[in-house]
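Undergrad: Dropping a structure here in structure tokens format, bear with me for questions.
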Amino acid sequence: MPTELLTVRDLHAYYGKSHVLQGVSLTVRPGEVVGLLGRNGVGKTTTLKAIMGLITRRGQVVFKSQEVSVLPAHQIPRLGIGYVPQGRHIFPEFTVWENLMVGLVTEKTAPPERLAAIFRNFPVLGERLKQLGGTLSGGEQQMLAIARAAISQPALILMDEPSEGLSPLTRGIVLERIKTIQASGVGILLVEQNVKLALATCQRVYFMEKGVVRQEVEAAELRRDKELVARYLGVEV
Ligand SMILES: Nc1ncnc2c1ncn2[C@@H]1O[C@H](COP(=O)(O)OP(=O)(O)O)[C@@H](O)[C@H]1O
Ligand SMILES: [Mg+2]
């Protein structure tokens with residue numbers, strides 16, 4: 001029995017003739033937060049899009065022993081993969097409630113106990129169900145994007161820079177929510193520019209460089225050896 005929830009092997013992806021992903025390989029296990037780090041433009045977002053089938057791709061994507069890379073995009077969330085896109089992409093003209101309902105992929109409605117769990121985890125959303133998404137603060141919109149991905153109880157969530165543009169306080173709340181979702185057994189592949197947040201959240205980290213995964217490192221090792229981070233990202237921690 002494979003212990004991996006998600007296995008990506010030698011994934012290639014293209015924008016037109018531009019060969020952006022040139023062999024990305026990584027794994028995520030159940031209940032694990034795995035970081036995908038790298039400088040701007042190396043292909044982190046494209047990796048998540050390729051897993052979700054949102055871009056032409058080649059290579060293997062295996063989720064719960066099923067080959068996903070042959071499936072069209074609309075079938076992939078139904079397998080139990082949630083996606084929090086970069087920039088949140090909530091619907092500004094929809095209410096909070098309507099935005100949440102967009103996250104349901106196989107059901108027409110969510111059972112009351114699941115909704116209660118979502119509102120326990122994201123109380124601000126429960127208080128604003130009738131408010132239009134576009135009138136929420138950046139942090140609230142991010143909570144909404146995460147809750148929308150979580151509402152179908154996926155086994156895996158791909159999150160693309162959930163802390164982008166948030167205040168340190170809101171970033172801390174997002175981090176806590178990620179940990180709560182992880183504690184329920186969900187695997188998370190986390191693209192993150194904020195290295196401190198990544199190190200505080202992840203068990204393992206992959207460093208990407210220009211279309212490939214260059215190295216896999218245990219987060220504990222990175223916390224001990226800050227020079228490794230500097231070498232891959234060119235930033236001091
Ligand atoms: N829609 C697109 N059309 C053409 N090129 C793109 C598009 N989106 C991204 N790229 C290019 O693909 C590369 C990887 O982009 P991206 O995956 O967004 O990087 P990251 O998320 O790591 O910052 C970059 O060189 C970027 O310019
Ligand atoms: Mg990106």
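The values are calculated or read from the model by the stated rules, or taken from the named source; none is laboratory data. Since this is a predicted model, take the numbers as computed values, not measurements. All Cβ positions, even for glycine, are placed from backbone atoms using ideal geometry, and neighbour counts span all protein chains on display.
Undergrad: Here is a list of conditions, (1) surrounded by 13 or more Cβ atoms within 10 Å (Cβ to Cβ); (2) modelled with pLDDT of 90 or more, and Ala230 meets all of them except one; can you say which number that is?
TA: With (1) surrounded by 13 or more Cβ atoms within 10 Å (Cβ to Cβ); (2) modelled with pLDDT of 90 or more applied to Ala230, the lone miss is (2).
Undergrad: Another question about this same structure. Kindly state which helices (runs of 4 or more DSSP H) lie completely within segment 141-237 and contain at least 1 residues that are over 24 Å from Arg29 (Cβ atoms).
TA: Filter on segment 141-237 gives 168-183, 226-233.
Undergrad: Pick out the one residue from Val62, Val8, Val20 that is assigned to a strand (DSSP E or B) and within 10 Å of ligand 1 (Cβ to nearest atom).
TA: Checking each option against the conditions leaves just Val20.
Undergrad: Can you tell me which residue among Val102, Val24 is within 16 Å of ligand 2 (Cβ to nearest atom) and either out of contact with any Phe, Trp or Tyr (no Cβ under 8 Å at 6 or more places or on another chain) or within 27 Å of Gly133 (Cβ to Cβ) (or both)?
TA: The unique qualifying residue is Val24.
Undergrad: Pairs only if they're at least six apart or on different chains, beta carbon under 6 angstrom, first in segment 184-197 and β-branched (Val, Ile, Thr), second not in a strand (DSSP E or B); list them, first residue then second.
TA: Listed pairs, sorted by first residue: Ile188/Gln182; Val191/Lys44; Val191/Glu161; Val195/Val229; Val195/Val237.
Undergrad: Looking at Gly59, Gly82, Gly43 in this structure, which one is of a type in the set (Gly, Ala, Ser), more than 14 Å from ligand 2 (Cβ to nearest atom), at positive phi and at pLDDT 95 or above?
TA: Gly59
Undergrad: What is the one condition in (1) touching a residue at least 24 places away in the same chain (Cβ under 8 Å); (2) under 16 Å from the mean Cα position of the chain (by Cα) that Leu129 does not satisfy?
TA: (2)
Undergrad: Next up: For segment 1-30, how many residues meet the condition of being among the polar types (S, T, N, Q) and surrounded by 15 or more Cβ atoms within 10 Å (Cβ to Cβ)?
TA: Number satisfying all stated conditions: 3.
Undergrad: Could you please let me know if Gly53 is surrounded by 13 or more Cβ atoms within 10 Å (Cβ to Cβ), out of contact with any Ser or Thr (no Cβ under 7 Å at 6 or more places or on another chain), small (Gly, Ala, Ser) and under 20 Å from Ala198 (Cα atoms)?
TA: No: the conditions fail for Gly53.
Undergrad: Looking at segment 60-70, can you tell me whether even one residue there is of a type in the set (Lys, Arg), touching a helix residue (DSSP H, G or I) at 6+ places or on another chain (Cβ under 9 Å) and farther than 13 Å from Gly134 by Cα?
TA: Yes, the conditions are met somewhere in segment 60-70.
Undergrad: Now a separate question. What do you reckon, is Gln141 touching a residue at least 40 places away in the same chain (Cβ under 8 Å), within 16 Å of ligand 1 (Cβ to nearest atom), under 20 Å from the mean Cα position of the chain (by Cα) and at negative phi?
TA: no
Undergrad: Within the set of pairs 6 or more residues apart or between chains, which connect a residue that is part of a helix (DSSP H, G or I) inside segment 23-49 to a residue that is more than 11 Å from ligand 1 (Cβ to nearest atom) with Cβ atoms less than 6 Å apart?
TA: From segment 23-49, the pairs are Leu48/Leu158.
Undergrad: Please specify each residue of segment 94-108 satisfying the condition of being among the hydroxyl-bearing types (Ser, Thr, Tyr) and farther than 15 Å from Ala149 by Cβ.
TA: Scanning segment 94-108 gives a single hit, Thr95.
Undergrad: Step by step: first the residues of segment 77-109, then only those that are of a type in the set (A, V, I, L, M), touching a helix residue (DSSP H, G or I) at 6+ places or on another chain (Cβ under 8 Å) and part of a loop (DSSP other than H, G, I, E, B), then the one that is nearest to Leu136 (Cα to Cα). Which residue is that?
TA: Only one residue fits best here, namely Ile90.
Undergrad: Which one is farthest from ligand 1 (Cβ to nearest atom), of the residues in segment 29-48 that are within 19 Å of Ile178 (Cβ to Cβ) and of a type in the set (Val, Ile, Thr)?
TA: Per the criteria, the residue is Val33.
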